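Scroll down for the structure; my scribbles are underneath it.
The values are calculated or read from the model by the stated rules, or taken from the named source; none is laboratory data. What you are looking at is a predicted structure, and each value in this text was computed from that prediction instead of being measured. Glycine gets a Cβ as well: all are built from the backbone with ideal geometry, and neighbour counts include every protein chain shown. Calculation scope for accessible area: heavy atoms of the full protein, side chains included, ligands and nucleic acids excluded. Shrake-Rupley method; radii C 1.70, N 1.55, O 1.52, S 1.80 Å.
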Amino acid sequence: MTVAQAKTKDLPAGANLPFIYREYSAERLKQALHKMYLIRQFEEGAEESYTRGLIHGTMHLSIGQEASAMGICMPLTNDDQITSTHRGHGHCIAKGAEVSKMFAEFFGKTTGYCRGRGGSMHIADVTTGNLGANGIVGGGIPIAVGAALTAKRLKSDRVVISFFGDGANNEGAFHEALNMASLWKLPVIFVCENNGYGMSTSMARSTAVPNVADRAAAYAMPGVIVDGNVLSEVAEASHEAVRRARAGEGPTLIESKTYRHRGHSKSDRNRYRTKEEIEDWMTNRDPIVRYENELMEFGIIDQAGVEAIREAVAKEIADGIEFAKASPSPEIRNLERYVYTETV
Amino acid sequence: MDQAVRELSYAQAIQEAMAIAMETDERVFLMGEDIGVYGGAFQVTGDLVERFGADRVIDTPISELGGAGVAVGAAVTGLRPIFEFQFSDFATLAMEQIVNQAAKMRYMLGGAVSVPVVMRFPAGSGTGAAAQHSQSLEAWLGHVPGLKVIQPSTPYDAKGMLLAAVADPDPVMIFEHKLLYKTKGPVPEGYYTVPIGKAAIRREGRDLTIVATSIMVHKALDAAKTLEAEGIDVEVVDLRTIRPMDKETVIESVKKTSRLLCVYEGVKTLGVGAEVSAMIAESEAFDFLDAPIVRLGGAETPIPYNPELEKATVPQVPDILAAARSLATGSR
Ligand SMILES: Cc1ncc(C[n+]2csc(CCOP(=O)(O)OP(=O)(O)O)c2C)c(N)n1
Ligand SMILES: [Mg+2]
């Protein structure tokens, strides 16, 4: 989409601009860029902290998938809920979490979202509707359906998003969950972030249909495919699915085609994909570069504005890391806390 | 002819066992998630796909229930699958096939079939992977008649017991502690087996018996060295198999030392140590006890992410030392 196309004569001004430019104020569009940078730099900061030995265990980075998390969350309110995955930092931030408390969690500190008990793979922020990342592939999908059942029973206006990867579509939980959601017309949206691989196993080597969205037909719900690296496309699909869900029309399966720039986790030798493939996605299809260029093209932001966002984000990240470093570790005597609900 | 003995890591020993099994028996093949070009999450299958091809080292989709079921179906119809779970925690997704199908099929059919499936489970804490990737669930499967459940603690046993498992006509579940994968030990070349159902006395002693499993065997041996200097002579029994359990070896050891300490990583309550203790309490060794039995097991909590909390969750050498000292001097 170029400016020339956007200003076609016979149409009212802006009529054929991409969806988000018709839907959102310039302010919100800039905020979206801010958040995408926040996700990117958060993960770069986490990666660096890991390399420096400040974070242990492992982590799964979503660098390259930011438009997907952001686009899906654009039409959501704080009351709406999500279930997330092992690759869930982006979802958490897009839904509204504070990066300082996320860093604190990654550093294993009591000020972290899970008080140092969960770490990257279990990051959550219930206050902004994130019911949690998940260490179990597909584990969050039925939980989202349950949350949607609550929303329906309580007659709330809430919708629930379940994020999962392409690999998860081969778990039984995915199929059972989609069936029930459709059967009971629940306000849930299944968002498959298809980054081409489940660990080392490509879609072609794991999945009997070419698109995860094709599975929707089996459960009588719409299956929508979007370019997950184009923010507007993702947001538009999310809007329509949210509308359907709030109107009581039932679930939607959105397949957001994207790519992870980094290895699966910290122990990936990257033997299953080519350098060229990775390079291509990094240089030609980076979702942040793409969105930023679009914003500049449409005159919504200029270079100085972009710089200002980057700097603000860098400061937020640095402050977050400092907060995490300075925070206290849990005490051993509290080892068995939070296993059961404390009744005092 | 003597077989040459090399130092191999626990992971290499397992890989060698699988290679030998595939070389010597066409029916043997491997299934699991990312076990092909990726080499397995812990590099146990490594480059086996290059040697044996993708139809004998099969990458499954992320489908534990289905994958385990396919392995069971292949086993009951004449093949010898070795199924790798990426983490033992994911056994929970496949419980149906393991517990209701694999374990019971022979029985339900009155002995008409057998289910020679081998399942491998990378288990245990210590990697910072938190609550859903660090559990020790062996006691769960140990509770199911029809299964055999083993926990090799050395590279030698890892190879020999895996080959015994492949040769076994019944389902064998192998729990491999992730922190053992890189530990090294002597492993003979070629084919040999180590029997399932037989414990090993890793160190003889007079004053106190420690019955340990998996990585805890090494911690117990460490502790035993320190205790020796203090004049406490510890016998360390490596249980190796939790179902069927080698009662005789444990009973004989307790009769000799009159004191029993059980050390295991799984949650203490209703775990392996509970079974060992009850077994001793029911046996003739009970009359020989000079002090109450002591169990050291995992804390009553999921495995935490914070590394200090994580360490505190499972028995460590100082915990074993403290327990052994007070047990050695305690009385009934
Ligand atoms: C039930 C279960 N099986 C296997 C794993 C190990 N594992 C973690 S992430 C992953 C790949 C998931 O792929 P996908 O769903 O496409 O998500 P992505 O990592 O690409 O974001 C695997 C196999 C797991 N965590 N849970
Ligand atoms: Mg994927």
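Taking 17 Å as the cut-off, the amide N atoms of region B:314-330 that come nearer than this to a point 7 Å along the Cα-to-beta-carbon line of B:T269 belong to B:314.
Provide the net charge surrounding B:K182, with neighbours chosen by a C-beta distance below 13 Å and charges set as Lys +1, Arg +1, Asp -1, Glu -1.
Overall, the nearby charge balance is 0.
Could you give the angle, 0 to 90 degrees to the nearest 10, between helix B:155-167's Cα long axis and the longest principal axis of the Cα atoms of chain B? Rounded to the nearest ten degrees, it is 50.
Where only DSSP H runs of four or more residues are counted, the protein assembly as shown gives -11500 deg cm²/dmol as its mean residue ellipticity at 222 nm, each run worth -39500 (n - 2.57). Cross-link reach is defined here as a Cα-Cα straight distance under 25 Å, omitting same-chain residues fewer than 8 places apart; for A:K152 the lysines meeting it are A:K95, A:K185. At a probe radius of 1.4 angstrom, the accessible area of the protein assembly as shown per residue rounds to 40 square angstrom.
Given their separation in residues at 0.36 nm each and the Cα-Cα distance between them, A:N78 and A:K275 gain 66.9 nm when the chain is fully extended. Highest mean first, the peptides B:23-35, A:43-55, A:125-137 sorted by other C-beta atoms within 10 Å per residue fall in the order A:125-137, B:23-35, A:43-55. Each peptide among B:53-66, B:218-231 gets the average number of other Cβ atoms lying within 10 Å of its residues, and from highest to lowest they stand as B:53-66, B:218-231. Pairing chains B and A buries close to 3000 square angstrom of accessible surface in total, based on protein heavy atoms and a 1.4 angstrom probe. Projecting the Cα positions of B:Y264, B:Y305, B:I280 onto the charge dipole of region B:200-327 (unit charges on Cβ atoms of Lys, Arg, Asp and Glu, taken about the Cα centre) puts B:Y305 furthest along the positive direction. Here the alpha carbons of chain B define both size measures, Rg and Dmax, at 19.6, 61 Å. Computed over protein heavy atoms with a 1.4 Å probe, the carbon and sulfur contribution to the accessible area of chain B reaches 55%. The mean sequence distance of close C-alpha pairs (under 8 Å, at least 6 residues apart), as a share of the length of region A:150-195, puts its relative contact order at 54 percent. One decimal place: the segment A:E47-A:N284 gains 83.0 nm when fully extended, by the rule 0.36 nm per residue minus the C-alpha distance. Ranked by the mean number of other Cβ atoms within 10 Å of their residues, highest first, the peptides A:61-68, A:306-313, B:123-130 come out as A:61-68, B:123-130, A:306-313.
Regarding the protein assembly as shown, what's the average projected area of the Cα-atom convex hull, expressed in nm²? Here the figure is 34.4 nm², rounded to one decimal.
Mean separation of Cα pairs under 8 Å and 6 or more residues apart, divided by the residue count, gives region B:1-138 a relative contact order of 21 percent. Within region B:53-141, the proportion of C-alpha pairs whose separation exceeds 19 Å stands at 42%. Legend: calculated FRET efficiency, A:A218 to A:E336, from the Cβ-Cβ distance at R0 = 41 Å, rounded to 0.05, equals 0.40.
Over region B:5-188, all Cα pairs binned in 5 Å intervals from 0 give whole-percent P(r) values of 1, 9, 18, 23, 23, 16, 7, 3, 0, 0, listed from short to long. Panel note: contact residues of region A:265-299 (accessible area lowered by at least 50 Å² against the chain on its own; 1.4 Å probe) correspond to A:R269, A:R271. Cα centroid separation, region B:91-170 to region A:81-131: 34 Å.
Once both labels are positioned 7 Å from their Cα atoms along Cα-to-Cβ, the gap between B:Y192 and A:S267 label points is 2.8 nm.
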